[in-house]
Amino acid sequence: MKLPQPPSRDSSRRSNPAKGENRASPRFPSQFKTYCQSIKGEDELLWSVRVEELSCQGLKIISRRRFEPGTVLRIGLIHEQAGLLMARAVHVTPTPEGGWAIGCSFPKKLRDEELRAWLQQEK
């Protein structure tokens, strides 16, 4: 299965190199729901999140709960077909809706088949 091509980036970003992005891996837009959980131990609750972007190196989730940068998260799929991922929160920003956009990086790159399994969850 061939991975979909990511959408073209906004031209206003390209015109301002300071705001441009030089990512090593393409990001794929997503809108599927899953859950996450801090692995610290004191927070055993599963938090519902929406995966907004996904690449082989990380993902961006939208959550009602704020996780501090550096927090290691266990992220799983409701349907469990693609399994669990571990990711570290890298940056956290508030959303206009009152939630949190959390950019996360994986400790190791996803293999193509893992990335495809996650991308297929939207269907």
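One line per residue, one yes/no per condition, for (1) among the hydroxyl-bearing types (S, T, Y); (2) in contact with an Asp or Glu (Cβ under 9 Å, 6 or more places away or on another chain); (3) modelled with pLDDT of 95 or more:
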residue: I61; (1), (2), (3): no, yes, yes
residue: G70; (1), (2), (3): no, no, yes
residue: A82; (1), (2), (3): no, yes, no
residue: H91; (1), (2), (3): no, no, yes
residue: G98; (1), (2), (3): no, no, yes
residue: L110; (1), (2), (3): no, no, no
residue: E114; (1), (2), (3): no, no, no
residue: W118; (1), (2), (3): no, no, no
residue: Q121; (1), (2), (3): no, no, no
Checklist line | Inter-residue pairs, beta-carbon under 7 Å, first at positive phi and in contact (Cβ under 8 Å) with a residue 12 or more places away in the chain and in segment 92-103, second open to solvent by less than 20 Å² (accessible area, probe 1.4 Å) and among the β-branched types (V, I, T), 6+ apart | finding: none
Check: Across segment 40-53, which residue is nearest to the chain's Cα centre (by Cα) among those that are open to solvent by 70 Å² or more (accessible area, probe 1.4 Å) and at pLDDT below 90?
Finding: L46
Check: Using beta carbons and a limit of 9 Å, which pairs, at least six apart or on different chains, have the first residue in segment 59-73 and open to solvent by 40 Å² or more (accessible area, probe 1.4 Å) and the second one part of a loop (DSSP other than H, G, I, E, B) and aliphatic (A, V, I, L, M)?
Finding: R65/L45
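The values are calculated or read from the model by the stated rules, or taken from the named source; none is laboratory data. Remember, predicted model here, so these are calculated numbers, not experimental data. Every residue, glycine as well, gets a Cβ built from its backbone with ideal geometry; the counts of neighbours run over all protein chains shown. Each accessible area value is taken on the protein alone, full model and side chains, heavy atoms only, with ligands, DNA and RNA left out. Shrake-Rupley method; radii C 1.70, N 1.55, O 1.52, S 1.80 Å.
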